[in-house]
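*Asks:* The structure that follows is given in the form of structure tokens.
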Amino acid sequence: MIKLIIENIDGYNYKLKDNDNNLYNINIEFYDIDELPKIGDIIYINNKLLNKINNNVVSFGKLDGIYGRKITDENDEDVIGVLIHDKVIYLKRYYG
């Protein structure tokens, strides 16, 4: 997984930066979490998924949510980790 730092948030538009200072712009909607990520928080994301969703719209929610695919492998490319207050929350990509 790639570590991305949230540089800026404008509504659902997140500007993310990796360790090589590459910038990614992704429109992200989060479901089923108590607190939304803030500037300075970290998102861990699979490289394959990042390449698919850069400059796109995507939704993430609970791993056991009814939307999206059933996740059976912790390394599934549709899983992200969001680090908020030193706690990683794992979410899956929602479809539909």
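The values are calculated or read from the model by the stated rules, or taken from the named source; none is laboratory data. Since the model is a prediction, treat every value here as computed from it, not as a measurement. Virtual Cβ from ideal backbone geometry, glycine too; neighbours counted across all protein chains shown. Keep in mind that these areas ignore ligands, DNA and RNA; they rest on the heavy atoms of the full protein, side chains included. Shrake-Rupley method; radii C 1.70, N 1.55, O 1.52, S 1.80 Å.
*Asks:* Indicate, rounded to the nearest 5 percent, the antiparallel portion of the DSSP beta bridges found entirely in the chain. Kindly include the intermediate steps, with their values, before the conclusion.
*Replies:* Details: 28 of 32 bridges.
Around 90 percent of the beta bridges assigned by DSSP in the chain are antiparallel ones.
*Asks:* Would you work out if region 1-46 is rounded, prolate or oblate? Take a ≥ b ≥ c from the square roots of the eigenvalues of the alpha-carbon gyration tensor; rounded if a/c is under 1.5, else prolate when a/b is larger than b/c, oblate otherwise.
*Replies:* Here region 1-46 falls in the prolate category.
*Asks:* At most 14 other Cβ atoms within 10 Å and a DSSP loop assignment: could you name the trypsin sites (Lys or Arg not before Pro) in region 1-45 that fit?
*Replies:* Values: sites: 3, 15, 17, 38; in loops: 38.
Within region 1-45, the qualifying trypsin sites (Lys or Arg not before Pro) (loop, at most 14 other Cβ atoms within 10 Å) are 38.
*Asks:* Hey, in the GNM for the chain with a 10 angstrom Cα cutoff, which one of 78, 41, 86 fluctuates hardest?
*Replies:* In this elastic network of the chain, the residue with the biggest mean-square fluctuation among 78, 41, 86 is 86.
*Asks:* Within the chain, what's the longest run with no GluC sites (Glu not before Pro) in a DSSP loop and at most 13 other beta-carbon atoms within 10 Å? Give the range, please.
*Replies:* Counting at most 13 other Cβ atoms within 10 Å as exposed, the longest clean stretch of the chain is 36-73.
*Asks:* Residues with amide H under 5 Å of residue 63's amide H, sequence separation 5 or more or different chain, H placed in the peptide plane at 1.01 Å from N; which?
*Replies:* When sequence neighbours closer than 5 places are left aside, the close amide H contacts are 92.
*Asks:* Let me ask another. What net charge do the residues around residue 71 carry, taking every other residue with its C-beta under 11 Å from that of residue 71, with Lys and Arg at +1 and Asp and Glu at -1?
*Replies:* Details: positive: 62, 69, 70, 92, 93; negative: 64, 73, 74, 76, 77, 78.
Summing Lys/Arg as +1 and Asp/Glu as -1 gives -1.
*Asks:* Continuing with this model, one more query. Which whole-number value in Å² is the accessible area per residue of the chain, probe 1.4 Å? Walk me through the intermediate numbers first.
*Replies:* Values: 6020 Å² over 96 residues.
Per-residue accessible area for the chain comes out at 63 Å².
*Asks:* What is the percent carbon and sulfur in the accessible area of the chain, measuring with a 1.4 Å probe over the protein chains and ignoring ligands? Spell out each step's value before the answer.
*Replies:* On the way: 2630 of 6020 Å².
So the carbon and sulfur contribution to the accessible surface is 44 percent.
*Asks:* How far, in nm, would the chain grow between residue 35 and residue 70 when pulled straight, counting 0.36 nm per residue and subtracting the alpha carbon separation?
*Replies:* Working: separation 35, 0.36 × 35 = 12.60 nm, distance 2.39 nm.
In short, 10.2 nm is gained.
*Asks:* Excluding same-chain residues fewer than 8 positions from residue 17, which aspartates and glutamates have a Cα within less than 12 Å of its Cα?
*Replies:* 7, 41
*Asks:* Something else now. Under the definition of Cα pairs under 8 Å and six or more residues apart, what whole-number percent is the relative contact order of the chain?
*Replies:* Values: 192 pairs, mean separation 25.5, N = 96.
Dividing the mean separation by the residue count of the chain yields 27 percent.
*Asks:* Work out which chymotrypsin sites (Phe, Trp or Tyr not before Pro) in the chain are exposed loop sites (DSSP not H, G, I, E or B, at most 14 other Cβ within 10 Å) and give the longest gap free of them. Spell out each step's value before the answer.
*Replies:* On the way: sites that count: 12, 31, 95.
Longest run free of exposed loop sites: 32-94.
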